[in-house]
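Step one of this worksheet: look at the structure below.
Here, each number is a calculation from the coordinates, and none is a lab measurement. Everything numeric here is computed off the predicted structure, so don't read it as measured data. Quick reminder, even Gly has a Cβ in these numbers, built from the backbone with ideal geometry, and neighbours come from all protein chains shown.
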Amino acid sequence: MPRLSSLPPSVRLAAACFAALVLGFALLAQVNLWHQVSGGEPPGPDKVLTRYHGDPDRTRLDDVLDGEAHPSFDDPKNMWQYLGGERWDDETTQANRKRITDWVRAGAPEDGFAALKPILTGMGLCGDCHVAGGIKEDLSFETYAAVQPLTKPGGKYPLSTLLISAHNHLFGFAVLALLLSVGVCFTGLHNRLRMLLILGASGGAALDIAGWFLTRTWGSPFHLMVVSGGGLFGLCTTAMALAVLHEAILGRAGKVDAP
């Protein structure tokens, strides 16, 4: 079977462009992991555990109203920007945030909800989205019963969101692993190494996605599956992309080692 470097220039160019885009994707994935998932901190197992299984000492309201954890106005988890102030250190922002967090710390009593309702449903505030007709009307703040679950610590990653994310990611991982696996079969890598990279890419993706659900349900130690599976997938796909890129640009014409 001929190697990629023996094929016509147009085929080598297509393979090289694909491999280069995959490497760019891998880099952007790390940037996204750092900023979006880890909140600007080095990603690690504890972050994964908290993301999927929840934090026993922190409520969802605590998280989204934390300007230190979510300083960027573009951060989808930054909800403190809707507390009436223009900045995190704005007096209005801090005052309204304190009223909400003090209520949560007090156990979120129902008789204290009415005093917070002007903030939670007011226009120019949370009411821009969390009321009937708003873009987040499915998470309404108009009743105590709707808000009360957000005051409970340890909220797990929403199952409906997790299912959508898993569906999209698993398909993307499968297609990426397949294309790179086929490409690496036409390189000069030793057959045994090719087999290990192919198995690592597919197995890593499966471990990663399975770990999401197991971590959400039971927590530790299944979060280590997410870390190890994602790391294995990233390592193997990056190695295959580099091999394909090298073969397409610098490889010597010849035949692939027999399987």
Identified option (computed volume of the Cα convex hull per residue in Å³; candidates [x] 173; [y] 145; [z] 205): [y]
Positive-end extreme of charge dipole, the chain - chosen from Val184, Pro2, Gln94 (charges on Cβ): Pro2
Distance from the stretch 128-167 to the stretch 64-119 (C-alpha centre basis), Å: 16 Å
Unsatisfied cross-links (Cα-Cα over 19 Å) in the set Lys77/Lys152; Lys77/Lys117; Lys47/Lys156; Lys77/Lys136: Lys77/Lys117
Signed unit charges on C-beta, dipole axis of the chain, positive-most listed residue Gln30, Leu13, Gly204: Leu13
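Relative contact order of the chain: what whole-number percent is it, with Cα pairs under 8 angstrom and at least 6 residues apart?
Values: 338 pairs, mean separation 77.2, N = 259.
Once normalised by length, the contact order is 30 percent.
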Shape category assigned to the stretch 120-259 from the gyration tensor of Cα positions, a/c cut at 1.5: prolate
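Just check the stretch 55-151 against the gyration tensor rule for me: Cα atoms, a ≥ b ≥ c as the square roots of the eigenvalues, rounded for a/c under 1.5, and otherwise prolate or oblate depending on whether a/b exceeds b/c. Before the final figure, lay out each step's value.
Values: a/c = 1.37, a/b = 1.14, b/c = 1.20.
Rounded is the answer for the stretch 55-151, as its axis ratio a/c remains below 1.5.
Run the numbers on the stretch 55-151 and let me know its relative contact order in percent, using alpha-carbon pairs under 8 Å that are six or more apart.
On the way: 108 pairs, mean separation 19.7, N = 97.
Relative contact order, the stretch 55-151: 20 percent.
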Phi to ³J(HN,Hα) by Karplus 6.51 cos²θ - 1.76 cosθ + 1.60 over the stretch 111-121, Hz, x for Gly, Pro: 6, x, 5, 4, 5, 8, 4, x, 7, 6, 10
Within the chain, helix-based [θ] at 222 nm, where runs of 4 or more DSSP H residues each add -39,500 (n - 2.57), nearest 500: -19000 deg cm²/dmol
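Filter the trypsin sites (Lys or Arg not before Pro) in the stretch 176-259 to those in DSSP coil with at most 14 other Cβ atoms within 10 Å of their Cβ, and list the result.
Values: sites: Arg192, Arg194, Arg216, Arg252, Lys255; in loops: Arg252.
Passing both the DSSP loop test and the Cβ count: Arg252.
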